[in-house]
Amino acid sequence: VAAAALLVVVGVGSLIVGRDGRDGRAAPRDGRGLVTAAARAADAENVRALEAAVASTAAALAASPDNVHLERMLERARRQRAEYLQSARALTTDQ
Amino acid sequence: VRRALGRAAALVVATAAAAGAQRPFTRAQPLDATAAVRVFSMAGSITVVGWAYDSIHVTGTVGAGLTPRAGGTRTAFKLTTYEGEQDAQRPSHLEIRLPRRAQLWIKVGAADVAVRGVAGSVEVYTIDGRIVVAGAPTELTAETMRGTVQVTGAPGWVRARSGTGAVRFDGTAADLALSTVSGPIACAGDFQRGRLESVRGDILLTSALARAAAVDVDSHAGAVTLRLRGRPDVALTVYTVSGPITNALTAERARPSRGTGRELALAMGRASARVSVRTFSGPVTLQPEGTEASASAVVR
């Protein structure tokens, strides 16, 4: 009986406060409500990878300034970084 | 007896919680053939099917405590189950049937999105959710931060992007751009203009290369594999700073490039299509189709 009573208390309690212990109040609308902590970490890692690609390509171009392939690769790396940042901003806002 | 009572109580609680977790939702109204439809949700799944009727019909379940809002005019319809709160514990699962030529826009957090049979424009944005689109929308934009994107069919214009997830395309398109940061890209089909690019993800392109097609493939550190079908007419250039180049298409071999890196240029047939491949450190492999494993082995 004690076990059954405990289960009822836990079950009803979880419905009231939520499984993660929050008190049920709505989170503030800070424009990042859609983003999970894991997604934030992935976003940070993506940005680091994009920055590293730009930096290494720029360094290679500095060593070989006449290389048209590297010029285009740097252009592409910068564009991809800009597009990703713009996309991530749009994805993580509420609207 | 006590143990039996305990089990019974646990069953009652579990059943009550499950019943309260979701509740049914239905909404229907007339809608013009090219109406704009906007969907906003947090978690669960959204399935959209284009049909031949001038109406929209939404069925499914919404998470307990959520207040779905749906409605609009004949030219614009909005549906939302999201209330500004990050709560993946209360998923909503919805199936939407709408006019085939509707203009569809979906934005979700962790929900999976599937769209099929929609011939208007389609835009899908997710954080974690998987995006699957089948059919021939005039324009398709699919963006996700961590989810995967899978597109099959004959969309006219495609922009598919993921951060860490895989992007896969099977079909034909006039204009195609696939992009990832670290997720792999697998593209099988034909298109007039294509751009495949990644920072660290592997890229596999399998194509016969349409006449006069123009394709650019770039990966900073990922491997690039170009697998050609049939006897393509293509002028192909490869450049890499430090990655190896393997050519199984012709007898040409890579040679040092001016300044730094290595490059390979070759022409096949009448060279009407143009393909450019560039990597910084990723290996490049050129081969005829049928010599390696299928695309599914690269994009799991």
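Points to keep in mind about this one:
- Residue in the range B:75-89 that is part of a strand (DSSP E or B), on the phi < 0 side of the Ramachandran plot and in contact with a helix residue (DSSP H, G or I) (Cβ under 6 Å, 6 or more places away or on another chain) present: no
- Against the numbered list (1) crowded, with 21+ Cβ neighbours inside 10 Å; (2) out of contact with any Asp or Glu (no Cβ under 6 Å at 6 or more places or on another chain), residue B:197 comes up short only at (2).
- Positions within the range B:93-133 being within 16 Å of residue B:144 (Cα to Cα), more than 14 Å from every other protein chain (Cβ to nearest Cβ) and surrounded by 24 or more Cβ atoms within 10 Å (Cβ to Cβ), in sequence order: B:115, B:122, B:133
- None of B:228, B:266, B:249 is touching a strand residue (DSSP E or B) at 6+ places or on another chain (Cβ under 9 Å) and either under 26 Å from residue B:161 (Cβ atoms) or buried (at least 21 other Cβ atoms within 10 Å of the Cβ) (or both) except B:228.
- Residue list for the range B:99-146, restricted to those being part of a loop (DSSP other than H, G, I, E, B), modelled with pLDDT of 95 or more and on the phi < 0 side of the Ramachandran plot: B:100, B:101, B:102, B:118, B:119, B:120, B:130, B:136, B:137, B:138
- Residue in the range B:16-38 that is of a type in the set (A, V, I, L, M), surrounded by 19 or more Cβ atoms within 10 Å (Cβ to Cβ), assigned to a strand (DSSP E or B) and at pLDDT 95 or above present: yes
- Single match in B:204, B:178 (criterion: modelled with pLDDT of 95 or more, buried (at least 21 other Cβ atoms within 10 Å of the Cβ) and out of contact with any helix residue (DSSP H, G or I) (no Cβ under 8 Å at 6 or more places or on another chain)): B:178
- Within the range B:216-242, the set of residues being away from every other protein chain (no Cβ under 12 Å) and of a type outside the set (A, V, I, L, M, F, W, C) comprises B:225, B:227, B:229, B:230, B:231, B:232, B:233.
- Residue B:5 meets each of the listed conditions (1) within 18 Å of residue B:108 (Cα to Cα); (2) modelled with pLDDT under 95 apart from (1).
- Taking (1) touching a helix residue (DSSP H, G or I) at 6+ places or on another chain (Cβ under 7 Å); (2) not in a loop (DSSP other than H, G, I, E, B) in turn, residue B:152 satisfies each apart from (1).
- Complete set of residues in the range B:153-168 that are closer than 20 Å to residue B:104 by Cα and either within 11 Å of chain A (Cβ to nearest Cβ) or within 9 Å of the chain's Cα centre (by Cα) (or both): B:159, B:160, B:161, B:162
- Going through (1) under 30 Å from residue A:52 (Cα atoms); (2) within 14 Å of the chain's Cα centre (by Cα) one by one, residue B:206 falls short only on (2).
- When the range A:50-76 is limited to residues that are in contact with a Ser or Thr (Cβ under 6 Å, 6 or more places away or on another chain) and facing another protein chain (nearest Cβ under 7 Å), the one that is surrounded by the fewest Cβ atoms within 10 Å (Cβ to Cβ) turns out to be A:64.
- Filtered by the rule that a residue be surrounded by fewer than 19 Cβ atoms within 10 Å (Cβ to Cβ) and among the aliphatic types (A, V, I, L, M), the range B:137-173 gives a lone residue, B:154.
The values are calculated or read from the model by the stated rules, or taken from the named source; none is laboratory data. Values in this document were obtained by computation on a predicted structure and should not be read as measured data. When we count neighbours, we look across all protein chains shown, and the Cβ atoms used for this are built from the backbone with ideal geometry, even at glycine.
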